[in-house]
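Inspection log for the structure reproduced underneath, given as structure tokens.
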Amino acid sequence: MPGDVSRAIDSRRSVRHFDDEPVSRDIVEDLIRLACTAPAPHHSRPWRFVHVTSDERREALADAMSDAWRADLDAVDTPVREVDRLLRRSRTQIEEAPALLLACLALDEAKDWQDDGREQSERDMFVQSLGAALQNILLAAGDFGLVGYLKGAPLFCTDAIRTALDLPSGWEPTFLVLLGYPQPGFEPDSRPAIEITDFLIDR
Ligand SMILES: Cc1cc2nc3c(=O)[nH]c(=O)nc-3n(C[C@H](O)[C@H](O)[C@H](O)COP(=O)(O)O)c2cc1C
């Protein structure tokens, strides 16, 4: 590996279990500053973040996500026990993550193309940019000794989340970012090497 950045990228893992130690507000702010250096279309800054700190809001968020997911799982006849297991796990993750951020997309700087195809492409550009901002957070978190992962569930219940967290207008909920310090003895899993020709071709 050529240097520190490559090593940080290579060693990042989704880690879903944390030590109880809290994550300071200063670190959260540093991570958001770094998130906001991501490349974005039209020199925009289409990312917004909610730091969910109060127990009441966490509970409201967990309730909103639980109700929406239960309805989705019931609609495809998921066995009751499995529904309960999934919802219990998700609730624990949301309630116990030492730092919980909701990443939102703000499209107010997107161009209005008056044409569905172009509007979708325009939106896609902003969504890609959010991915870059989130990767910044996950990578920078490692520099602060933190680990974490993303949860995509908010994309499936945006209205319920908007209400639960009383989001400003124009903030579209996308992902949860869950962060914390690793548990003692934590070792990242090894990652299987890729076959380069599966991912790269020459023309
Ligand atoms: C768009 C997106 C959504 C994800 N949603 C979840 C999720 O809901 N729950 C979860 O545990 N992990 C989630 N992940 C993390 C992936 O499971 C993880 O990145 C993948 O297994 C590869 O592992 P790695 O990040 O350690 O390389 C998500 C990742 C992305 C990029």
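Observations on the model:
- Amide H partners (placed H, <5 Å) of residue 49, local residues excluded: 104
- Gaussian network model of the chain, Cα within-10 Å springs - most flexible of 184, 173, 46: 184
- Evaluating 6.51 cos²θ - 1.76 cosθ + 1.60 at θ = phi - 60° for every residue in the range 184-189, the Karplus couplings come out as x, x, 4, 10, x, 5 Hz, glycine and proline recorded as x.
- Rel. contact order, % - alpha carbon contacts under 8 angstrom, at least six apart, the chain: 35
- Residue-by-residue Karplus 3J(HN,Hα) for the range 36-41, coefficients 6.51, -1.76, 1.60, Hz, glycine and proline x: 7, 9, 5, x, 8, x
- When the helices of the chain are scored as -39500 (n - 2.57) per DSSP H run of n ≥ 4 and the total is divided over every residue, the value at 222 nm lands at -15500 deg cm²/dmol.
- Gap separating the Cα centres of the range 1-49 and the range 114-141, nearest whole Å: 16
- The trypsin sites (Lys or Arg not before Pro) of the range 51-137 meeting both criteria, a DSSP state outside H, G, I, E and B (loop) and at most 15 other C-beta atoms within 10 angstrom of the site's C-beta, are 111.
- log10 of Debye I(q)/I(0), alpha-carbon scatterers only, for the range 33-160 at 0.12, 0.15 Å⁻¹: -0.59, -0.86
- Top of 176, 107, 86 by mean-square fluctuation, Gaussian network on the chain, Cα under 10 Å: 86
Each value in this text was obtained by applying a stated rule to the coordinates, not by laboratory testing. Everything numeric here is computed off the predicted structure, so don't read it as measured data. For neighbour counting, all protein chains shown are included, and Cβ atoms are generated from backbone atoms with ideal geometry for every residue, glycine included.
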